[in-house]
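Here, each number is a calculation from the coordinates, and none is a lab measurement. Everything numeric here is computed off the predicted structure, so don't read it as measured data. Neighbour counts run over all protein chains shown; Cβ positions are idealised from the backbone, glycine included.
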Amino acid sequence: MFTSKLSRRNFMQQSALWAAAFAAGGTLGLRKAMADRSKELNILCWEGYNSAQVLDPFRKSTGATVKAESLTNDPTMINRLRAGEMNVWDLINVNNPWARKVMWPEKLIKPIERARFEPYFAKMLPAFKPPYRWAMDDSGENMLGIAQRFGPYSFVVNTDKISRASAEDQGWDLWNDNANAGKYGVQESDDWNVFDLCCIAGFDPFKEHTDAEVARYTETAKRVFKNAKVVGDLATMNQLLVSGDIDFYLTGGTYSCSPARADGALNIRGITPNKGPMPGGKGGIAWIEITSVVNNPNVSPLAEHFLEYVQTPDMSHTVAFAEGTFNPVTQMGDPECFKLFTKEELEIIQWDSLEEEMARSAEYDIVPDYPKLLDIMTAAKREVSGG
Amino acid sequence: MAEASAPAIATRQPRFVILRWLKLRPGAAHALPVIAFLLIGFAAPLAWVIMFSFMPERSFSLLNEPTLDNYVTIFSGTTYRSFLWSLGLAAVTVILLALICYPIAYGLTRVFGRWSTLLTLLFTIPLFVSENVRLYGWILFFIKNGVMLGTLKSLFGYEGETWLFTEGMIVLGMVYVYMPFMLFPMTLGVSMVPNETRDAAFDLGASRWQVFKEVDLPLAMPGIVIGFLLSFVLAVGALVEAKVLGGQRVIPIVHEIELAFTYAQNWPLGAALAVLLMLVVGTLVMLVLRRFDLDTILGRR
């Protein structure tokens with residue numbers, strides 16, 4: 001007779017048995033899947049790469065079934081791989097540090113053919129020339145993905161209310177000035193909100209923080225959320241800037257304010273502070289997307305082909321202006337690609353100040369004590385609830 | 001002889017048992033596919049969530065040693081505020097809905113006559129439009145220089161501040177979104193009150209208040225209770241109203257769950273919050289159902 005008594009000890013054994021059973025099932029499924037992936041490609045990405053403008057020509061030319069799922073934060077995408085979707089996805093498109101510092105060490109992605117892709121980097125804007133740090137592993141041997149969309153991402157102002165020069169000079173202190181209570185919004189983007197709160201508190205986000213810094217961060221988080229008029233998505237933030245309900249918001253930049261600028265509201269502008277607490281006195285933070293090939297045991301042969309496909313001048317321009325938000329692309333370093341951008345499009349993505357803003361920005365990086373800082377921020381939001 | 005018959009019994013026996021079992025309990029046998037479907041589609045995900053709530057924080061596998069840490073974290077922090085906000089906002093919404101919907105339900109049943117169908121349709125149509133779109137509509141209505149303030153400004157030169165991003169706006173959004181879920185069961189309840197009973201009460205000298213209290217309300221109770229339950233359970237799970245119209249001035253518990261599963265990537269904490277929310281709501285619903293037994297009020301017993 002079968003008897004089962006679950007204890008802490010045999011819980012692990014039983015769990016392992018179940019896992020083995022599931023794994024066996026998974027293997028059977030995999031064998032079936034391995035038969036044919038030549039006409040199939042699955043992409044996990046930020047919005048834009050999942051648009052019909054980008055995918056339809058690829059579908060047409062290859063006859064493949066291309067599925068793309070768009071998410072709006074990096075950890076969620078990476079944890080989808082960690083949680084067992086490695087054999088589902090072929091490409092993953094996340095911000096710069098994740099490939100080199102997290103996904104590669106955890107073997108979630110595989111290297112791409114360096115000789116095949118290095119020439120593309122050579123044609124990019126000067127800051128991305130090979131070997132481009134975020135596209136390589138620590139040894140400098142393996143290429144981990146390609147760079148395309150990027151942009152400075154600090155905060156956004158209505159220049160009719162605060163001039164660009166004044167906003168750049170004041171920088172993060174805009175949020176330390178109590179006179180600004182009720183005049184700003186916070187665009188909900190929790191990882192970026194954490195970075196910005198660190199900057200407002202006066203220290204570099206991308207390092208381990210001391211107890212004194214954490215205490216200052218806690219006070220800053222409570223104050224910033226208490227004084228915020230609204231916390232919401234980027235569409236709401238832009239709408240409130242245009243209507244005059246708020247004068248500025250964090251977090252934001254070219255990516256978030258481009259839809260408003262495309263609608264003609266050129267007074268809505270991404271700002272990079274002149275100075276700040278990052279190494280070298282940099283005041284802003286910038287993101288660069290790296291698209292990598294997932295370490296899928298049965299990866300689609302179309303994965304690297306797609307990476308090449310989006311490098312062409314035409315498609316790079318399409319990616320920059322795919323539906324939703326609009327962004328600069330590294331391929332603008334290639335005159336063939338650059339000439340496709342109209343004057344209006346360059347205005348939308350703030351091309352006039354892009355280079356200097358990138359120079360004043362530190363690159364998005366991993367925050368070592370992120371879980372702790374995020375929990376403090378969530379608690380701060382909760383504690384000022386209804387206040 | 002015995003050796004020869006043994007294999008025959010062995011092969012026949014299982015089939016025999018199944019057949020006999022099927023014959024004896026045809027109801028249960030026919031329910032098997034549904035039971036299997038519910039187990040896979042309903043019970044299994046719930047069990048998954050419950051098991052995850054006992055995993056160490058920020059883990060993505062069920063193959064860890066179980067722990068109560070997530071529950072300790074929740075009870076030692078300020079998460080109770082989010083629970084209270086969710087329950088409080090839902091309670092206020094349900095009370096307001098009851099006060100608003102009863103007269104409408106009464107009107108639809110007894111006063112508006114042939115206009116009732118049209119009015120019912122008008123209350124139903126918004127359900128076909130996404131909740132997000134409807135709530136963003138309210139944003140455009142209340143935003144500075146929007147429909148309301150813009151009109152007041154251009155007609156009367158009045159420049160007011162927006163009413164958006166307050167607790168009151170969240171309640172407005174919730175009342176607006178969940179109204180049909182209170183109104184329709186309530187209308188059904190009110191329509192179950194026989195006119196003859198009300199007439200008899202009036203004939204026997206009852207006042208309007210007495211008829212309402214002694215006849216209308218008790219007889220309409222099935223619909224009212226269902227409306228209360230339906231709108232309360234939905235309102236406790238409301239998220240978009242607080243996000244869009246409330247500008248996150250309030251963080252309801254569902255938002256906490258969402259944060260745990262997304263930005264925080266703390267599935268076990270999110271699972272523990274979800275389990276607690278199910279327990280709280282489940283307990284409240286059970287308490288109501290103990291007080292008002294649906295079968296009894298529906299007249300089946």
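Listing for the model above:
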| read-out | value |
| --- | --- |
| Entries in A:110/A:207; A:339/B:144; A:229/A:343; A:107/A:381; B:213/B:243; A:161/A:381 that, when Cα-Cα distance is taken, lie over 29 Å | A:339/B:144; A:229/A:343; A:107/A:381; B:213/B:243 |
| Helix B:2-24 vs. chain B, principal-axis angle (Cα, 0 to 90°, nearest 10) | 20 |
| Cβ-based exposure ranking for A:36, B:199, in which fewest neighbours within 10 Å come first | A:36, B:199 |
| Dipole magnitude of chain A about its Cα centre (Cβ charges: Lys, Arg +1; Asp, Glu -1), debye to nearest 20 | 1320 |
| Within chain A, helix-based [θ] at 222 nm, where runs of 4 or more DSSP H residues each add -39,500 (n - 2.57), nearest 500 | -12000 deg cm²/dmol |
| Cα shape, the stretch B:243-294, gyration tensor, a/c 1.5 rule | oblate |
| Cα pair count fraction exceeding 29 Å, expressed as % - the stretch B:78-297 | 40 |
| Among A:91, A:58, A:167 - extreme Cα towards positive end, dipole of the stretch A:51-169, charges at beta-carbon | A:58 |
| Inter-chain Cβ neighbour average for residues A:371-381, partner chain, 10 Å | 4 |
| All aspartates and glutamates inside 18 Å of residue A:39 as judged from Cα atoms, apart from same-chain residues fewer than 8 positions distant | A:56, A:69, A:90, A:304, A:308 |
| Contact order relative to length of chain A, as percent, for alpha carbon pairs under 8 angstrom and 6 or more apart | 25 |
| Zero-based 20 Å bins, Cα pair distances in chain A, whole percents | 26, 53, 19, 2, 0 |
| Longest exposed-site-free window of chain B, the sites being GluC sites (Glu not before Pro) in a DSSP loop that have at most 14 other C-beta atoms within 10 Å | B:1-158 |
| For the protein assembly as shown, diffusion coefficient by Stokes-Einstein and Kirkwood Rh (Cα), 4 °C, 1.567 mPa s, µm²/s | 44 |
| Sparse-neighbourhood loop sites, trypsin sites (Lys or Arg not before Pro) in the stretch A:73-122 - DSSP loop, at most 15 other Cβ within 10 angstrom | A:107 |
| Test item: A:49-59 mean partner chain Cβ contacts at 10 Å | 0 |
| Compactness of the stretch B:12-160 as Cα Rg over 2.2 N^0.38 Å, two decimals | 1.86 |
| Shape of the stretch A:39-162, Cα gyration tensor, a/c cut at 1.5 | rounded |
| Förster-model FRET efficiency, 45 Å R0, residue A:122 and residue A:166, C-beta, rounded to 0.05 | 0.70 |
| Three-way shape label, the stretch A:256-316, alpha-carbon gyration tensor, a/c 1.5 | oblate |
| Per-residue mean of C-beta atoms belonging to partner chains within 10 Å, peptide A:207-219 | 0 |
| Mean separation of Cα contacts under 8 Å (6+ apart) over length of the stretch B:46-154, as relative contact order % | 9 |
| Overall Cα dimensions of the stretch B:68-130, principal axis frame, Å, largest first | 60, 25, 15 |
| Members of A:101/A:222; A:222/A:372; A:222/A:275; A:183/A:226 lying beyond 19 Å, as alpha-carbon distances in this model show | A:101/A:222; A:222/A:275 |
| Charge dipole of chain B about the Cα centre (unit charges at C-beta), most positive-ward option of B:212, B:42, B:27 | B:27 |
| Longest DSSP-loop-exposure-free segment, GluC sites (Glu not before Pro), chain A, at most 13 other Cβ within 10 Å | A:209-322 |
| Cut-off 14 Å between beta-carbons: net charge of the residues surrounding residue B:217, Lys and Arg +1, Asp and Glu -1 | +1 |
| Relative contact order of chain B, defined on C-alpha pairs under 8 angstrom at six or more residues apart (%) | 26 |
| Rg/Rg_globular for the stretch A:257-387, with Rg_globular taken as 2.2 N^0.38 Å and Rg from C-alpha atoms | 1.34 |
| Dipole in debye (nearest 20) - the protein assembly as shown, about Cα centre, beta carbon charges: Lys, Arg +1; Asp, Glu -1 | 2620 |
